[in-house]
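Colleague: If you scroll down you'll find the structure; I have some questions about it.
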Amino acid sequence: NFPDTLEPDDICKTWLWQFRNGFSKPSGVSVADLNAEVVAHYAVMWFPMCCQGQHMEGAISTATVTDVKARGKGLFTKLAKKVFKETETDGCQIVFGFPNSLSIKGFIKYLEWFEIATFPLLIKPVNFSPFLNKFLRNKLLSDIVGLLADLVYPLCFILTTWSVKSRDIKIEAIENELPDDISDIWESCFASKKIAIERKIPYLEWRYREKPFSDYKIFRAVDNQQNTIGVL
């Protein structure tokens, strides 16, 4: 189904990181087999969440795939309903997700989901040339215009944020354990008063330090009293 992805053994390591880890509950997973061969997979990942300041158990829908030879049999719907029933029994209060344009109709029609909003997409241009080439269809012209845009864009950003006060903020890399006050930042941020995954230290360690085949760099912003005021 995905010929350009990782090797099977590496996919298994990533699967274990997602669904069988020390950060969250063992996630709900269901598969269908045909002649002793797995032909469909549906899963949700458990997450500790908050809703209007209260702790809750939630899960995100992910890892949905059906082999080409087994499609059209309603396996996605059957597996999803099985997982939802099992996780509800285990205490899951909400399942959410970000289905693509092909699958969202199935979630709404067959699984009784409802759409909250279109997910807002934010981007930061890094190299304008490939983007411009899609429209200009001229590589030389795109490279020239893109080079100018690469120079002008950062300058415009600096000018428009010139009035922002630094407050003696220092940026430093976190090489060892994450400082305890990172969890305090989460408690005070806007998202913790709405509905969101709790981004405390256990989540950050799992998401960035333990993820296979990834090498994330973690930075924090500190004030002049060495208090953490932001993490990236």
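Colleague: Find, among the trypsin sites (Lys or Arg not before Pro) in segment 86-183, those assigned to loop by DSSP (not H, G, I, E, B) with at most 15 other beta-carbon atoms within 10 angstrom. Don't skip to the end; give the middle numbers.
Modeller: Numbers: sites: K105, K109, K134, R137, K139, K165, R167, K170; in loops: R137, K165, R167.
Those that pass, being in a loop and sparsely packed, are R137, K165, R167.
Colleague: Just tell me, in residue order, which DSSP H segments of the chain are both 15 angstrom or longer along the helix axis (alpha-carbon based) and at least 0.5 in mean Kyte-Doolittle hydropathy.
Modeller: Numbers: long enough: 8-19 (16 Å, -0.41); 75-89 (21 Å, -0.37); 139-160 (30 Å, 1.61).
Counting only whole DSSP H runs, the qualifying helices are 139-160.
Colleague: Right, something else. At 1.4 Å probe radius, can you tell me the per residue accessible area of segment 1-73 in Å²? Display every interim value, and only then the final one.
Modeller: On the way: 4270 Å² over 73 residues.
Ligands and nucleic acids excluded, the result is 59 Å² per residue.
Colleague: Roll a 1.4 Å probe over the protein heavy atoms and report the accessible area of D90 in Å², nearest 10.
Modeller: Around 100 Å² of this residue is reachable by solvent.
Colleague: Give, rounded to the nearest 20 debye, the magnitude of the charge dipole that the chain has about its Cα centre when Lys and Arg contribute +1 at Cβ and Asp and Glu contribute -1 at Cβ. Spell out each step's value before the answer.
Modeller: Numbers: 28 positive and 28 negative charges, 196 e Å.
Roughly 940 debye for the chain.
Colleague: Okay, next question. Over 27 Å between C-alpha atoms is what I'm after, so list which of K81/K193; K25/K105; K124/K217; K82/K193; K13/K109; K25/K211 land there. Write out the running numbers ahead of the final one.
Modeller: On the way: K81/K193 30 Å; K25/K105 29 Å; K124/K217 18 Å; K82/K193 31 Å; K13/K109 33 Å; K25/K211 17 Å.
Cα-Cα > 27 Å for K81/K193; K25/K105; K82/K193; K13/K109; rest within.
Colleague: For segment 96-232, give the percent of accessible area contributed by carbon and sulfur heavy atoms, probe 1.4 Å, rounded to a whole number. Present the calculation step by step, with values, prior to reporting the outcome.
Modeller: Details: 6830 of 10950 Å².
C and S fraction of accessible area: 62 percent.
Colleague: Determine the shape class of segment 1-131: with a ≥ b ≥ c the square roots of the Cα gyration tensor eigenvalues, call it rounded for a/c under 1.5, and otherwise prolate if a/b is greater than b/c, oblate otherwise.
Modeller: rounded
Colleague: Residue by residue through segment 90-97, what is 3J(HN,Hα) from phi via Karplus (6.51 cos²θ - 1.76 cosθ + 1.60, θ = phi - 60°)? Round to whole Hz and write x for glycine and proline.
Modeller: Using θ = phi - 60°, the values come out as 7, x, 5, 9, 7, 10, 10, x Hz.
Colleague: Between (i) 62, 52, 36; (ii) 59, 36, 35; (iii) 43, 38, 35, which entry matches Cα extents along the principal axes in Å as derived from the coordinates of this structure?
Modeller: (i)
Colleague: Another question, then. GluC sites (Glu not before Pro) within segment 172-201: which are DSSP loop residues with at most 11 other Cβ atoms inside 10 Å? Intermediate values should be presented prior to the final figure.
Modeller: Numbers: sites: E172, E175, E177, E187, E198; in loops: E175, E177, E198.
Sites meeting the loop and neighbour criteria: E175, E177.
Colleague: So what is the relative contact order for the chain, in percent, with contacts set as C-alpha pairs under 8 Å and at least six apart?
Modeller: Details: 280 pairs, mean separation 42.4, N = 232.
So the answer I get is 18 percent.
The values are calculated or read from the model by the stated rules, or taken from the named source; none is laboratory data. What you are looking at is a predicted structure, and each value in this text was computed from that prediction instead of being measured. We place every Cβ from the backbone using ideal geometry, glycine too, and count neighbours over all the protein chains shown. Heavy atoms of the whole protein, side chains included, go into the accessibility calculation; ligands, DNA and RNA do not. Shrake-Rupley method; radii C 1.70, N 1.55, O 1.52, S 1.80 Å.
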